[in-house]
Every structure is written in structure tokens, then in C-alpha cells.
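The values are calculated or read from the model by the stated rules, or taken from the named source; none is laboratory data. As the structure is a computational prediction, the values presented were derived from the model and not from experiment. As a convention, Cβ positions derive from the backbone with ideal geometry for all residues, glycine included, and neighbour counts pool all protein chains shown. Each accessible area value is taken on the protein alone, full model and side chains, heavy atoms only, with ligands, DNA and RNA left out. Shrake-Rupley method; radii C 1.70, N 1.55, O 1.52, S 1.80 Å.
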Amino acid sequence: MNTKVLSTLEYNTIIRHLEDKANSAPGKKLCRELLPMTDLSDIEAAQKNTADALTRLFKKGSINFGSNADLSFPLKSLEIESTLLPSELLAFSAFLNNVNRVKAWGAKERDEEADDSLSDYFELLEPVRDAALEIDRCILNEDGDIADDASPALKSIRRNLKLAADGIHNELNKLVNGSLRTYLQDAVITMRNDRYCIPVKSEHRSQVPGMIHDQSQTGATVFVEPKQVVELNNKIRELELEEKKEIAVILANLSAMLATHMTELKTDMDLMTRLDFIFAKAGLAMEQNAIRPKFNTEHRIDIKKGRHPLLDKKKVVPIDVPLGKDYDLLVITGPNTGGKTVTLKTVGLFTLMGQAGLHVPAGDLTELSVFNEVYADIGDEQSIEQSLSTFSSHMKTIVNILENADENSLCLFDELGAGTDPTEGAALAISILSFLHDRGIRTMATTHYSELKVFALSTSFVENGCCEFDVETLSPTYRLLIGIPGKSNAFAISKKLGLSDDIIEAARKQIDEGSEKFEDVIANLNKTRTELERDKAQIAEELNAAKKEREALRIQTEKFNETKDKLLREANEEARDILAEAKEFADESIRIIQKSGGSLSLKDLEKRRTALRQSVEDKNKRLSVKKEQKPEAGVSPKDLHVGDMVKVVSLGLKGTVSTLPDAKGNLFIQCGIIRSQANIKDLVLVHEETVTAPGLKHNPGGGALKMSKSLSVSYECNLIGKTVDEALAILDKYLDDAYLSHFTSVRIVHGKGTGTLRNAVTNFLKKCKYVKSYRAGEHGEGDAGVTIVEFK
């Protein structure tokens, strides 16, 4: 990929943003070296890595690779069996501890979890815990202080050093506070040349036998090592030398321990750098709300709701850009600042980012293609130093593009043919585009020339596009419209800004009749398109509402059929039991009569016959089905209030009133997660039932205990603005209510923020027994600020 286009399309700026997402110096270096690839398998592998890392970030939260420092120099020292410094050993310890944390973070939470493209990276990490723990045990801090317990020998040496130092202090204290007190400048013990001394007045130095190590600047004081402690000082010096030797042995042993794990250390460094780089790509994708694009080798581009990654994502207008399916050349027209150049840069930058393994900020099903080269002639490249005008500079770039571009190239031209005579510029532009079009090279160009609009209209596999402009507000909408050439709107804009009608009319006369009619045709096309889009949107909304109602009816019908089958099955079973009971009673009566042998009186027989008849009648009553008295449908508007429980008679559904009825009597009813429109003529008010139970006493003063027959639970739980403790308490109750209401899925809104609330929600859901699965919201569902939960 040529380096000039990386700067022209601001790919280098994207790389700087990517570098900021990496934690370690080696990871940042890998980000800086990232370039677009041209092999489809390599691109797909890189995209898969980014997608899997993004999934892990949404699921587990952030991860840090900050301790992954550049340890190449210490590694070389280990290879030649050199002893590392304490700071270098601590760097390895911090690195290995981080490896251990990263490996634990990347481990599976459940054995049944499927592997992804990053599983091998985490599994191959080797923390070398024994070496890291030993280094941390022996070296106390970054200053290189060695612990007394680093080795038994060092502990013994330091104990002897303390004893020797205590002995010197005791001896010198006796001298300072005893016979030598009058000869001393101060009654203190000091150090000179690493030996314990006392400050003696110069005139009395002969009175204090010992070695002189130093004197004050004035010469009034000499620092004498009394002969009584010379031997003790020598002993301390010997012990200090032994201490240094023992510390050198300890450092050598630690270095040798690391050297035995040379292969693991090199593998860990490479894997940690790669993981830091991959998760930097995922972090950038999360920040941009980016998705993984599909790739093809047919040079077909289909960007859906694409947003330029360097523009404010809250303000940028998404665009749809198809190229390469029905046409291979797109001519974009429209007013200045309308978004033409941004459209070109978006297509080019998406191609570079996608081929570099980066996700692109666009909608689902966005498709990109693999190009060996991307060429762009965008911006004013006037050069005073090289004596090149704007036109000459552009033409020099265009000549280079035409010499090198082939069918595997993507060419982008901004204001093609501008900077010279309009007639000649338009002719050159048409010739250049024809040259590229004849060779099947995917090309996009922006222009103001009407001749290029006609060229696009009259040439096969060439299409017009325009950036929409609202004349009423004198502002672009930044929407890209395919199939319609743009209009400059110069006259309308000038009139809106206050230019005299006489001047505008005089200007119109300068335009030939054919050009004016052409512009009028464009205006009419735009008006017709706007009306069609509005109608299309309305139809789509109504169709969507109809689909929802049809689905609600389907669900209700299924529930009705299930209930009907259940009732029939239970009725048949009950009938069978009742008949069996009646038969048993009749048989028993017959047996009694037969056993009596005619001894029963007529009165007794009549009693038995009456009992048998009563038993049969009781069974018949139980078998009979009473016709349900259906309430008469129809409610008065004044009797309805928001929140009232009603029944939609035609649907057989119960719900709560969401809105009051309009002039036609139509209103919305919330039936569980379904919001349905109904008419007051089809409604019946449902009264809450009084719940009674044995032992539940009626309280005349306090009213009856009531319980609603159905619970109105929202499909969404909003936790934004809550603390973690408050949010988890609300979430716990909400999930219970939603699960008991037989919801299949719900939407938890926690926002993005620092990620603390999202991580708390995720950890809670992991432990929730009736949660089947959960995932982060997709583009259009709320992205990373929302978690979608599915129940078992």
C-alpha cells in the first residue's frame, strides 16, 4: 500500500488513536507498525482476533498489559549467563506476575465454554511462578535492597554486622563519656571513610591515640578512629565485603533461575505483546461502536450507516455507500461543505482500516473488498516550492494514479478537473473516468460539473450520487443519495441570503435553456424522492406494527389451543373418575340388596334408590359445563384511567391502560411485553379480586386485603445514575418479576461510563440461576451501554 494515501485518508491518525489504546511499549510499537494487508486469509484472521477480543471486553471488562516492558536487553544478558541487576530482576518479576493475572483473566469460567481465536494465546502463557515468587521474596524494593532472609549466609552476616556495630558504639560511648570527653569537640560518634570516628580538638589530637581519617574545613577538628575500635572497624569492613559477595551470589542464583526459563520468557513476551496489540484494536472498536465488516474478493463495497471515525459520533450523519455491484464508478455531486469529501474519505479509510484488521464504525452487514492499492487525490496540494499550481499538483497525482492503477485498485478523486477552465476541466474529467471505467477499476469522484452528471446518466455501470442539501435551512443534511445527481442550489442560497431578485434573474439568463431544464429535472427528482422516502417510512412503520400485532395474536392463539387441550384432557379424566365412582356406588347398592335376600323393607329400598339417584345427579352436575357469562364489551371514556386493568375481548388478553382514548376511542394497552392498540368498544374493566384465606381476618377499619391478578412488568430495567449497591438490589427484584412474568428476554440499561456498573451487572448475571445467557447490545440496541438477558 502506497504511503501517501495513508496520510491523505488520515489512516495515520487512526493508528495514533490505536496506539493510545495499547498499555505497553512493545504493544504501542506493534500498533505503529500496523499496515493494511492484501491477503484475505490474513485479514479475516486479524478481524476474528479483534472481534473475539471485543467480545471478551464486553463480557469480562478491561485488561491491562502495562508490565509488558521491553526486556530484550536483560534477556540477552541471561543468554550470555550474566548476572542481572536487582531492578532488572524486579522488572521480570512484575512482568511474570502480570502474565499470571492475564492468564487467569483469559481462562474459561466454565468447561463447556467454546474456544475462540484467542484461547491458545492465553493457554500458552507460562507465568513461571516459582521464579517470580523467589525474586519478590529476595528483593524488597526498586532500590535494590535485599531481604535478610534471601539466604541463611546473608542473614548470619547481617546479624554479625549488627553485633559488631553495637560493640563499637558501646566502646566509643565509654570513651566519649569518659576519659576523652575534655578532648572532644562534641560528644558524638560519626562516620568517616566508612569507619566509626570521634571529633577531637586539633590541639588535643596527640592525647587521643588512633588513626586520623579527616579534619574539618577550619582545621579545628580532626576525626580520629581510636585504637580501641580499630579492630572492630576492620571486622565490620570484612563483614560488609562478605555481604556484597553474598548479595552477588543471590543475584546470580536468581538470574540463573530465570535463565532456565528462557524459552517461556520469550514466548510470554511475544504473546503479551500480541495480546496487548489485539486488545488495543478491540478497545478502539468499542470506543467507535465499530463492527466487523464482511470481506469479498469481487471488489464489491456496501457500507451501511457508515460514520467517519474521526468525526464526533454523536453528530456525524451515517451514510450508505454501495459500489461494485450494479456499477463500478460513482460520481458524487452537491454543494460545498455538503459531505462529498467526507464520503470519499470514509470509503477509503474503511478499506484501509478493514484490511488492517480494524473494525469499522458502521452498521451490520457492511461489506468491504480487498484491494491491492488505494489511490486518492484529495485536498489542495499546491506547492510554491515546486512551482506547482493547484491544477498542476492535482494533475501530477492523477497521472501517477493512471500509470499504476489496475483492476485491483480503488481510486478516489475529489473535485476532479477543478482548478482550470470549466469546459476543459469537465472534458478531462470525463476522459479520465472513461479510462478507469473501461478497465473495470472501482472509482469514486466528486464534482460540480453538470457534464459529469450527464456522463453518469448516459453511461452503463456508472451511477450518480449526491449529498442532500436543505434549501430552507441553508444547511446540508450530509445524507448520501444514490441514483440522483445533485444540484448546486446557488440561486436559491443566494436569494435566501438576500441577493437582489434582479441580479438572480440576470444570472439565470446567462444559463442556456437546456442546462436550466436539466437542473429543474434534478429538483423534481429530489422532490419526488423525498415524498417516496416519507411514504416508504410510514409504510414500514405500519407494517412493523402489523407484524407485532400478528405475532401477538399467534402467541395468544397458541396459548388458547394449549389451554383448550389441557382443559379437555382434564375434563375427560375427571369424567372417567366420576363414572367409575358412580358405577362403584351402584354396584355396592346392588350387592346390598342381593345379600338382603328380600329382607329389606320397602322403606329401606326407597332410601337406597333415592341415594343412588342423588349420586347420579351429583355426577351429572359435575360433568355439565356451564356457559360462561361474558361481560358486555364497551367502556365509557370517563371511566378509564392510565394504569387501569382491562381485558381486550376480541383478543382475550388482559393488560393495563397506557394512554387515554383519542377522539375515535382508540388507545394503547400494555399486555405484558406487547403494546397493542384497541378501541374502548372492545374493552372490559377488570376489577382486582379480594384474596381470602383461612385465618385471614377481615378488618372493617383497614379495608380488605387485595392482590392484583396480574403484574405489569416493563421489558426494560434502567439502572443509570444508581450506585452499584442500589443497582444490584433493583436488578435482583426486577429479574425475579420478569422471570415470573414468563418473559423470554429483557433489556438492562446501565450506560457506558467507566464500566464499573456494567461489570457489576455482568458479575451478578453470571451467578443468576435462571439466566440462560446475556450479551452486550448491538448497534441500534444501545451498544455497550445495554445488556440483553435471556431466561431459561
### Query
Of the residues that sit in the range 728-768 and are modelled with pLDDT of 85 or more and of a type in the set (Lys, Arg), which one is least open to solvent (accessible area, probe 1.4 Å)?
Arg758
### Query
If Val200 passes every condition in (1) open to solvent by less than 40 Å² (accessible area, probe 1.4 Å); (2) outside any strand (DSSP E or B) but one, which one does it miss?
(2)
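Glu264 - would you say it is open to solvent by 40 Å² or more (accessible area, probe 1.4 Å) and in contact with a helix residue (DSSP H, G or I) (Cβ under 7 Å, 6 or more places away or on another chain)? Talk me through it step by step, then tell me what you get.
Working: open to solvent by 40 Å² or more (accessible area, probe 1.4 Å): yes; in contact with a helix residue (DSSP H, G or I) (Cβ under 7 Å, 6 or more places away or on another chain): no.
When the stated conditions are applied, Glu264 does not pass them.
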## Note on the structure
If we ask which residues in the range 172-203 are in contact (Cβ under 8 Å) with a residue 12 or more places away in the chain and touching a strand residue (DSSP E or B) at 6+ places or on another chain (Cβ under 8 Å), their number turns out to be 21
#### Entry: Looking only at the range 40-68, and only at residues there that are in contact (Cβ under 8 Å) with a residue 60 or more places away in the chain and part of a loop (DSSP other than H, G, I, E, B), the one that is farthest from Val761 (Cα to Cα)
Asn68
### Query
Considering the range 291-318 alone, what residues qualify as being open to solvent by 60 Å² or more (accessible area, probe 1.4 Å), under 19 Å from the mean Cα position of the chain (by Cα) and β-branched (Val, Ile, Thr)?
none
### Query
Residues Ala280, Ala220, Ala285: which one is open to solvent by less than 20 Å² (accessible area, probe 1.4 Å) and over 30 Å from Ala91 (Cβ atoms)?
Ala285
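Working only within the range 780-792, note down all residues that are open to solvent by 70 Å² or more (accessible area, probe 1.4 Å) and under 28 Å from Glu287 (Cα atoms). Quick ask: steps written out before the conclusion?
First, pick out the residues of the range 780-792 that are open to solvent by 70 Å² or more (accessible area, probe 1.4 Å): 780, 790, 792.
Within the range 780-792, Gly780, Glu790 meet the criteria.
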### Query
If you check every pair at least six apart or on different chains, which have Cβ atoms under 8 Å apart with a residue in the range 310-321 that is under 20 Å from Ala285 (Cβ atoms) and touching a residue at least 40 places away in the same chain (Cβ under 8 Å) first and a residue that is part of a loop (DSSP other than H, G, I, E, B) and open to solvent by 50 Å² or more (accessible area, probe 1.4 Å) second?
Leu310/Glu10
### Query
Which ones in the range 46-81 are surrounded by 15 or more Cβ atoms within 10 Å (Cβ to Cβ) and β-branched (Val, Ile, Thr)?
Thr50, Thr55, Ile63
#### Entry: Neighbours by Cβ (under 8 Å, 6+ apart or cross-chain): first from the range 1-28, over 18 Å from Tyr375 (Cβ atoms); second of a type in the set (Asp, Glu) and surrounded by 20 or more Cβ atoms within 10 Å (Cβ to Cβ)
Ala22/Asp276; Asn23/Asp276; Ser24/Asp276; Pro26/Asp276; Gly27/Asp276
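Let's see how each residue does on (1) touching a helix residue (DSSP H, G or I) at 6+ places or on another chain (Cβ under 8 Å); (2) under 30 Å from Leu54 (Cα atoms); (3) surrounded by 14 or more Cβ atoms within 10 Å (Cβ to Cβ):
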position: Phe122; (1), (2), (3): yes, yes, yes
position: Pro127; (1), (2), (3): yes, yes, yes
position: Val188; (1), (2), (3): yes, no, no
position: His204; (1), (2), (3): yes, no, yes
position: Pro209; (1), (2), (3): yes, no, no
### Query
Any residue at all in the range 781-790 that is touching a residue at least 12 places away in the same chain (Cβ under 8 Å), of a type in the set (Ser, Thr, Tyr) and within 24 Å of Gln670 (Cα to Cα)?
yes
